[in-house]
Amino acid sequence: MGNRVAREDFQWVYTDQPHTDRRKEILAKYPEIKSLMGPDHNLKWIVTLMVAVQLLAFYLVKDLDWKWVIFWAYVFGGCLNHSITLAIHEISHNAAFGNKRSLLNRYFGMFANLPVGLPYSISFKRYHMDHHRYMGGDGIDVDIPTEFEGWFFCTRFRKLFWVILQPLFYAVRPLCINPKPITYLEISNLIVQLTFNLLLYHFWGIKSIVYMLSGSLLGMGLHPISGHFIAEHYMFLKGHETYSYYGPLNLITFNVGYHNEHHDFPSVPGCRLPQVKKIAADYYDQLPQYSSWVRVLYDFIMDDTISPYSRIKRTVKDAKQD
């Protein structure tokens, strides 16, 4: 458990991300993919149902024993809240109402954010667009771990704790790597979320609050769905910086596992990404892929060649950020 990972730095490259060129190649060969772009008209109804179900769960747990509050927070609340965060990911790409109604997408993201408990949907949108435009960009892409994470979490035992604490690092990392001025929409997100949390506490008490927050933290830590955090871009094979997952958990995660397809075509909503893969199978079938996020978590912790340093980084010039 004490073996140190051999890596002492990120994998630096001097080439552009692969998705831009592949997108051009695929569109030239399969222009029909353009017809898949645009909003997912079912997304707003699915998200509304998910929020309603979690509100019902807040009511049902308010009188449970504490052990059952935590149990259900991990087993049910963690799954649902993590799924909601991936719905917010879809909304950040304007998949709910389309690019022409971007502000409506931002406010709908605040609504979807409510059962998560932590106001992040607006900030996520800003940083996530940087991740797509400048993937691996030094000092820009906050999906890349900090130097401290790479240096300190270098043994199996420490990597286990890093996986458990992933929500903390995702929250703190933007402040360390690429802090941005606060916008009025972020302030609105904060006010709406704090008001909701206070109302939840007033009407249903502390157990509903603990269920909500612990569900979010546990669901994004050592949890089967959280395997996607590592599966998406950690370099298990040298030279490959994006990986897709084609397992059953895509059914409850808005197909976020189709990650090569998503980065190639971020304007295609998750519900249509399997069609992208089917049309351009000659491109995607040959790429490295996963069938189990749980196995990804296990391999990340137990493989002494993999660590938070196992990411591709590049220097980006003349970056235009939000």
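What the table below lists for this structure:
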quantity	calculated
Neighbours by Cβ (under 8 Å, 6+ apart or cross-chain): first from segment 275-288, under 15 Å from residue 237 (Cβ atoms); second at pLDDT 95 or above	287/243; 287/244; 287/260; 288/243
Qualifying residue in segment 173-190 (condition: over 30 Å from residue 39 (Cβ atoms), touching a Ser or Thr at 6+ places or on another chain (Cβ under 6 Å) and either open to solvent by 10 Å² or more (accessible area, probe 1.4 Å) or in contact (Cβ under 8 Å) with a residue 40 or more places away in the chain (or both))	yes
Filtered residues of segment 274-288 (kept if modelled with pLDDT of 95 or more and either open to solvent by 40 Å² or more (accessible area, probe 1.4 Å) or outside any loop (DSSP other than H, G, I, E, B) (or both))	274, 275, 276, 277, 278, 279, 281, 282, 283, 284, 285
Contacts under 6 angstrom Cβ, first residue in segment 290-312 being touching a residue at least 40 places away in the same chain (Cβ under 8 Å) and part of a helix (DSSP H, G or I), partner open to solvent by 20 Å² or more (accessible area, probe 1.4 Å) and of a type in the set (Ser, Thr, Tyr), 6 or more apart	296/290
Pick from segment 242-260, criterion surrounded by fewer than 23 Cβ atoms within 10 Å (Cβ to Cβ) and part of a helix (DSSP H, G or I), ranking: farthest from the chain's Cα centre (by Cα)	248
Test: residue in segment 50-68 that is of a type outside the set (Val, Ile, Thr), on the phi > 0 side of the Ramachandran plot and either open to solvent by less than 60 Å² (accessible area, probe 1.4 Å) or touching a Leu at 6+ places or on another chain (Cβ under 8 Å) (or both)	no
Residue count, segment 91-131 (criterion: over 20 Å from residue 174 (Cα atoms) and either acidic (Asp, Glu) or open to solvent by 40 Å² or more (accessible area, probe 1.4 Å) (or both))	9
Criterion violated by residue 202 - all others in (1) open to solvent by 10 Å² or more (accessible area, probe 1.4 Å); (2) over 30 Å from residue 63 (Cβ atoms) satisfied	(2)
Among residues of segment 69-79, those that are surrounded by fewer than 20 Cβ atoms within 10 Å (Cβ to Cβ) and closer than 19 Å to residue 254 by Cβ, counted	2
Residue satisfying all of: in segment 14-43; within 18 Å of residue 260 (Cα to Cα) and among the polar types (S, T, N, Q); surrounded by the most Cβ atoms within 10 Å (Cβ to Cβ) among these	17
Elements of type helices (runs of 4 or more DSSP H) contained in segment 1-83, each with 2 or more residues being under 23 Å from the mean Cα position of the chain (by Cα) and without any contact (Cβ under 8 Å) to a residue 40 or more places away in the chain	43-61
Scope segment 224-241; condition outside any helix (DSSP H, G or I) and either under 11 Å from residue 257 (Cα atoms) or open to solvent by 10 Å² or more (accessible area, probe 1.4 Å) (or both); matching residues	235, 236, 237, 238, 239, 240, 241
Some residue of segment 174-182 being within 21 Å of residue 256 (Cβ to Cβ), of a type outside the set (A, V, I, L, M) and at pLDDT below 95	yes
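The values are calculated or read from the model by the stated rules, or taken from the named source; none is laboratory data. The model shown is predicted, which means the values in this text are computed figures rather than measured ones. With ideal geometry, Cβ positions are generated from the backbone for all residues, glycine too; neighbour counts draw on all protein chains shown. Note: areas computed on protein heavy atoms with side chains; ligands, DNA, RNA excluded. Shrake-Rupley method; radii C 1.70, N 1.55, O 1.52, S 1.80 Å.
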